[in-house]
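Notes follow once the structure below has been shown.
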Amino acid sequence: MKVLITGAGGQLGLDLLEAFADHDTVGLTRAQLDVTDEAAVAEAVAALRPALVVNAAAATDVDGCESDPEGAHRANALGPWWLARACERTGSTLVTFSTDYVFGGTAPSGPGGSPRGYTEHDPVAPLSVYGRSKAAGEHLVRETLSEHHIVRTAWVSGARGRNFVRTMLRLADAGGPVRVVDDQTGSPTTTRDLAAAVRALAVSGRHGTVHLANEGSATWFDVAEAVFALAGRQVDLTPQRSSTLDRPAPRPAWSVLDTTHARTMGIGPLPHWRDALGRLLDELGARGPGAR
Ligand SMILES: NC(=O)c1ccc[n+]([C@@H]2O[C@H](COP(=O)([O-])OP(=O)(O)OC[C@H]3O[C@@H](n4cnc5c(N)ncnc54)[C@H](OP(=O)(O)O)[C@@H]3O)[C@@H](O)[C@H]2O)c1
């Protein structure tokens with residue numbers, strides 16, 4: 001199968017390139033294809049005529065998006081739209097990624113009143129510019145191309161690029177005290193497991209919106225604690241409230257993704273996030289001798 005991966009220089013794009021390596025796969029970085037350039041997108045898709053386009057390009061600096069809403073909209077809404085329009089003309093399927101930050105953060109009530117994860121059918125209510133731009137991208141793709149997979153994922157970390165896990169390892173190296181918020185709960189996910197699941201999804205023919213994330217839920221504090229334990233690092237780690245951080249973009253307090261839809265249609269379950277994190281640390285060569 002001929003596959004085009006856009007945003008191929010990002011942390012997910014790089015792992016998607018490996019997951020699709022046994023296909024006839026072309027990866028284009030931002031320098032090679034800017035997805036906000038409608039003509040360039042149309043030209044690239046028409047020239048390659050891929051059966052599948054996987055769009056890993058996005059403006060992912062959640063705080064940065066607050067001061068550049070038009071840039072966020074161009075990359076996260078228009079980019080996927082231009083790709084969907086190009087795919088429509090070539091009969092290609094499009095996979096594009098969205099986020100748990102399309103949700104508002106008030107945990108839906110599950111059995112017995114306990115909080116449950118968001119399903120694909122829960123209403124979106126983004127709190128940030130980033131979340132709104134991703135929700136707009138979802139909407140435009142759905143309206144344009146029936147053969148689409150909108151993959152909502154969350155809290156993504158891979159062996160390359162900028163992410164929370166690598167930041168925690170860097171802070172452990174720096175040796176000072178580390179403060180991490182414990183009042184946001186989500187679905188930590190690795191690019192490695194996500195890319196493998198996307199591959200399975202892309203050949204399934206089961207189009208639509210789907211949540212793909214590692215199993216289990218955690219706060220950022222839980223993830224930091226697990227990173228330091230698995231890496232065998234002694235770090236002075238203390239919990240912090242989000243309100244004390246004063247970051248430009250509000251984050252949902254609860255954004256756990258329910259993956260029932262994916263699992264029941266035969267995609268996944270992805271491994272538990274702790275297992276995924278352990279394998280990520282192995283990949284980074286960061287699993288410590290004193291690992292707990
Ligand atoms: N990271 C997370 O925690 C997270 C959570 C939920 C959903 N997602 C979604 O997952 C997907 C992959 O994200 P990621 O974590 O791999 O992010 P990433 O590492 O920031 O990768 C995004 C890539 O897209 C490129 N890009 C930005 N604007 C572009 C444009 N106009 N044209 C072409 N490429 C462009 C970036 O290039 P530059 O670096 O040169 O700008 C970067 O290589 C995104 O759709 C993101 O919204 C991520």
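Would you give the gap between the C-alpha center of the stretch 51-125 and the C-alpha center of the stretch 200-224, rounded to a whole Å? Spelled out, the Cα-based centre of one part sits 13 Å from the other.
With Cα atoms as the point set, the radius of gyration and Dmax of the stretch 90-243 evaluate to 17.4, 55 Å.
Summary value for the chain: 20 percent relative contact order, contacts being C-alpha pairs under 8 angstrom separated by 6+ residues. Over the stretch 51-110, Cα pairs under 8 Å with separation of 6+ residues give a relative contact order of 48 percent. In the chain, helices alone account for a calculated mean residue ellipticity at 222 nm of -11000 deg cm²/dmol, with every DSSP H run of four or more residues adding -39,500 (n - 2.57). The residues packed around Ala42, meaning those with a beta-carbon under 14 Å from its beta-carbon, carry a net charge of -2 if Lys and Arg are +1 and Asp and Glu are -1. The string of couplings for the stretch 188-197 from the Karplus curve (6.51, -1.76, 1.60, θ = phi - 60°) is x, 9, 9, 4, 4, 5, 5, 4, 5, 5 Hz, one whole number per residue in order, with x for Gly and Pro. By the count of other C-beta atoms within 10 Å, a proxy for reagent exposure, Thr153, Thr6 are ordered fewest to most as Thr153, Thr6. Computed from backbone phi with θ = phi - 60° and the Karplus coefficients 6.51, -1.76 and 1.60, the 3J(HN,Hα) list for the stretch 275-285 is 5, 4, 5, x, 5, 5, 5, 4, 4, 7, x Hz; x is used for glycine and proline. Label sites at Asp236 and Ala42, each approximated as a point 7 angstrom past Cα along Cα to Cβ, lie 6.0 nm apart. Modelled spin-label separation between Glu70 and Thr264, with each label point placed 7 Å from Cα along the Cα-to-Cβ direction: 4.5 nm. Going from the residue with the fewest nearby Cβ atoms within 10 Å to the one with the most, Phe164, Phe228, Phe97 rank Phe164, Phe228, Phe97. Scoring 211-221, 171-181 by mean Cβ neighbours within 10 Å over their residues and listing the highest first yields 211-221, 171-181. Estimated at 0.36 nm per residue, the fully extended path between Arg49 and Gln32 surpasses their Cα-Cα distance by 4.4 nm. Distance between the pseudo-spin-label points of Glu88 and Arg170 (7 Å out from Cα toward the beta carbon): 4.1 nm.
By its C-alpha gyration tensor, with a ≥ b ≥ c as the square roots of the eigenvalues, how is the stretch 35-161 shaped: rounded for a/c under 1.5, else prolate for a/b larger than b/c, else oblate? It is prolate, given that a/c is not under 1.5 and a/b is the larger ratio. With a Förster radius of 25 Å applied to the C-beta separation of Asp246 and Thr106, the computed FRET efficiency comes to 0.70.
Summing charges over all other residues whose Cβ lies under 15 Å from the Cβ of Leu16, with Lys and Arg as +1 and Asp and Glu as -1, gives 0. In plain terms, the chain from Ser204 to Asp122 could stretch by 27.2 nm, reckoned as 0.36 nm per residue minus the Cα-Cα distance. The angle between the Cα long axis of helix 38-48 and the longest principal axis of the Cα atoms of the chain comes to about 80 degrees, rounded to the nearest 10. The orientation-averaged projected area of the convex hull spanned by the Cα atoms of the chain comes to 15.1 nm².
Laboratory data are not the source of any read-out in this text; all were calculated from the coordinates shown. Please read all numbers here as calculations on a predicted model, not as lab measurements. Because the Cβ atoms are built from the backbone with ideal geometry, glycine has one as well, and the counts that use them run over all protein chains shown.
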